[in-house]
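The values are calculated or read from the model by the stated rules, or taken from the named source; none is laboratory data. Computed from a predicted structure; not experimentally measured. Reconstructed Cβ throughout: ideal geometry from the backbone, glycine too, with neighbour counts over all protein chains shown. Surface areas here come from the heavy atoms of the whole protein model, side chains and all, with no ligands, DNA or RNA. Shrake-Rupley method; radii C 1.70, N 1.55, O 1.52, S 1.80 Å.
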Amino acid sequence: MQFLLAVEGAVAQGLLWAILALGSYITFRLLNFTDMTVDGSFTTGACVTAICIANGIPPIIALLISFVAGGLAGGITGFLHNKLEIPEVLAGILTQISLYSINLRILGRANQQLLQYDTIFKQVQRLFASIGLELSSDRIAIVIGLFFVILVILVLYWFFGTEIGSMIRATGNNEAMVRALGQNTEHTKFIALIIANSCIAIAGSLVGMYQGAADVGMGAGAIVIGLASIVIGEVILRRVVAFGSKMIAVVVGSVIYRIIVALVLQLGLSTNDLKLITALIVALALFLPNAVSKHNAKKARELAAKESQNA
Amino acid sequence: MLKIENLTKTFDPGTVNEKRVIDQLNLQISQGDFITVIGGNGAGKSTMLNLICGVYPADGGKIILAGSEIQDMPEHKRAKDLGRVFQDPLMGTAANMQLDENLALAFRRGKRRGLNWGILEEEREIYQKRLARLGLGLENRLSDKIGLLSGGQRQAVTLLMATLNTPKLLLLDEHTAALDPNTAEIVLDLTDQIIVEQNLTALMVTHNMQAAIDHGNRLIMMDEGKIIYDVRGAEKRNLKVEDLLRLFQELSAGGGPSDTMLG
Ligand SMILES: Nc1ncnc2c1ncn2[C@@H]1O[C@H](COP(=O)(O)OP(=O)(O)OP(=O)(O)O)[C@@H](O)[C@H]1O
Ligand SMILES: [Mg+2]
């Protein structure tokens, strides 16, 4: 029973963090850009929402402001890379580091409690209560997480099917071709970084409201969690090729990651061990497909050798 | 159509590797010219094409395309008027995208890209017809990922992509060099066919002397960043491979070994 409750919480977390993983998917997989902005833009999303709510701004507006703030963060990485010609990884790290100071400025201190304020979660919970449905906060988070995940997937599905969205996907494949076809690749990268970090900030905003607090350190390691979700999804749903199904795989990966975490915590490990465990999961998920294909190749060679002996 | 005046390019200036690759180059191309370009390794053929496209800026000189100076324009703006096929079959297409998606990207070369849907249903019919004319059976593979096609097929698709939206100038850089002789022949024939049908102006770099003689109406030979030989019409048609090799030895700065011309 206790474990089932833990799984419910894991699914809730998984769905909220899936929005971050979808953002990372845009940069890492579609654009083929190693964007390190993530940890910073996630925290910015949470901090902006917290300070807005604490100042009496309606939670949904706070979420929208976080969305814009995340886009700005992505835009800065794009600017550093495009205009100052800083290598992509370093450009993201510079933004991430500077966001730490900026987030402290936004919040005015290291953390901001939200327990005494209204959030989207509490509003939706009241809404359900008013029609006679008393849902636990985890279940409310699942409803809200699902809503935003579906919304984000639909918008991304549409956007990456448009002319400019197609060009962003092509930029991730072959920049020289994109320029030869008359598209400025600085623009495609800039737009993709903005969209990705807007999504990531939405995740930060929702996670902050769900936890009832924003903390300037809450984004540490977020990038690895996003990557873990992506690679777990790819390992589990290996055969999917369509863009829509790939995004669903990312969401599935995010939820499974949280269930693994819940399991590990049940086994008695502490939350302090989580970063190490996450890194192990990513390493394993990246290693497994390679190991499997190497094993298959070896099998094929052995078979071929046998056949040539028999011949 | 295209006029190049005193074009100059030096790589790694001010270092021990400093190398003047294009040296006060002049070239005038008329509408409808189909020029084959030959020359030894490192003669500057690819660099000349890259300078026309704006892959990197020239150090000096002018490039005038259809009356307007383009040497200071960024690459993606010049692309409006230029069709390009690279030597490497992987360079011209997006491997993880479908065949029809790739064509749709090319169909919009030179147009503003916005939030309209990236590919329309009626376009697919156009693509199917154009692909059928290649005679490679690709018309039934519109939703295959390009990465699944062979090098020759990809090169034929790149050629189609470069000319889908009629360019003012078509630039081909050894676009059959990575293909087996049979496929190279097919792609070369397609090139001829498309250039004639659309009445294109084209520059084609090749290491195949015979192809350089058989195709096009004009031939230029490059060496050390300059054009050392320029021939057209009947005189070109009557050339033999031996003539070209002999000319190369006579005219090139080093008087160098003519086998470098054969790549
Ligand atoms: N980006 C670059 N940086 C430095 N040197 C370069 C660069 N591109 C080309 N070069 C040098 O410029 C010279 C001319 O190169 P280019 O590629 O134009 O020759 P090419 O005529 O196309 O030869 P090939 O027949 O081998 O393709 C070569 O010596 C090459 O090493
Ligand atoms: Mg070359």
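How far apart, in nm, are two points set 7 Å out from the Cα along the Cα-to-Cβ line at B:Asp72 and at B:Asn199?
3.4
Once both labels are modelled 7 Å past Cα along the beta-carbon direction, what's the A:Leu72-A:Leu267 spacing in nm?
So the two model labels end up 4.3 nm from each other.
Heavy-atom accessible area of B:Cys53 with all protein chains present, probe 1.4 Å, nearest 10 Å²?
Result for B:Cys53: roughly 10 Å² accessible.
Does anyone have the angle between helix A:163-173 and the longest principal axis of chain A? Alpha-carbon axes, 0 to 90°, nearest 10?
The helix A:163-173 is inclined about 50 degrees to chain A.
By how many degrees, 0 to 90 and rounded to 10, does the Cα axis of helix B:241-251 deviate from the longest principal axis of chain B?
Value to nearest ten degrees: 50.
At a probe size of 1.4 Å, how large is the accessible area of A:His187, to the nearest 10 Å²?
It works out to around 100 Å².
Students often get this wrong: which residues of region B:138-153 have the backbone nitrogen under 13 Å from the point 7 angstrom along Cα-to-C-beta of B:Asp180?
B:150-153
Run the paramagnetic zone check for B:Val55: 7 angstrom along Cα to Cβ, then residues of region B:29-46 with backbone nitrogen under 11 Å.
B:45-46, by backbone N distance to the label point.
Between A:Ala304 and B:Asp192, what's the calculated FRET efficiency when r is the beta-carbon distance and R0 is 41 Å? Round to 0.05. It would help to have the intermediate numbers written out before the result.
Numbers: r = 43 Å, r/R0 = 1.04.
The pair A:Ala304/B:Asp192 has a calculated efficiency of 0.45.
With a Förster radius of 30 Å, plug the Cβ-Cβ distance of A:Val89 and B:Leu148 into 1/(1 + (r/R0)^6) and report the FRET value to the nearest 0.05.
Step by step, r from the Cβ atoms, then E = 0.45.
Ranked highest first by the average count of other Cβ atoms within 10 Å around their residues, in what order do A:40-49, B:238-247, A:78-87 fall?
Result, highest mean Cβ count within 10 Å first: A:40-49, A:78-87, B:238-247.
Note down the magnitude of the dipole of chain A about its Cα centre, charges +1 on Lys and Arg C-beta and -1 on Asp and Glu C-beta and zero elsewhere, to the nearest 20 debye.
I would put it at about 540 debye.
What number comes out for accessible area per residue over region A:142-248 if the probe is 1.4 Å? Units Å², please.
Ligands and nucleic acids excluded, the figure is 33 Å² per residue.
Tell me the angle of helix B:181-197 to the major Cα principal axis of chain B, expressed in degrees between 0 and 90 and rounded to the nearest ten.
In chain B, helix B:181-197 runs at an angle near 80 degrees to the longest axis.
Sketch the reach of a paramagnetic label on B:Ala95 as a point 7 Å from Cα along Cα-to-Cβ, and name the residues of region A:180-211 whose backbone nitrogen lies under 19 Å away.
Inside the label zone: A:180.
Calculate how many DSSP beta bridges within the protein assembly as shown are antiparallel, expressed in % of all such bridges and rounded to the nearest 5.
Values: 25 of 42 bridges.
Of all bridge pairs located within the protein assembly as shown, approximately 60 percent are antiparallel.
Could you order peptides A:207-215, B:61-69, B:93-101 by the average number of other Cβ atoms within 10 Å of their residues, highest first?
A:207-215, B:93-101, B:61-69
Let me check I've understood the local charge: for A:Ala262, count other residues with C-beta under 13 angstrom from its C-beta, Lys and Arg +1, Asp and Glu -1. What total comes out?
Value of the local net charge: -1.
Can you pull the mean other chain C-beta count within 10 Å for peptide B:70-80?
For this peptide, the per-residue mean of nearby foreign Cβ atoms is 3.
Determine, from the Cβ-Cβ distance of A:Leu274 and A:Ser136 and an R0 of 22 Å, the FRET efficiency 1/(1 + (r/R0)^6), rounded to the nearest 0.05.
My answer for the efficiency is 0.40.
Enter the mean number of other protein chain beta carbons within 10 Å of the beta carbon of each residue in A:167-179, as an integer.
On the way: counts 5, 0, 6, 8, 1, 3, 9, 10, 0, 9, 13, 4, 10.
Across A:167-179, the average partner-chain Cβ count within 10 Å equals 6.
What does the structure give for B:92-99 when I average, per residue, the other chain Cβ atoms found within 10 Å of the residue Cβ?
5
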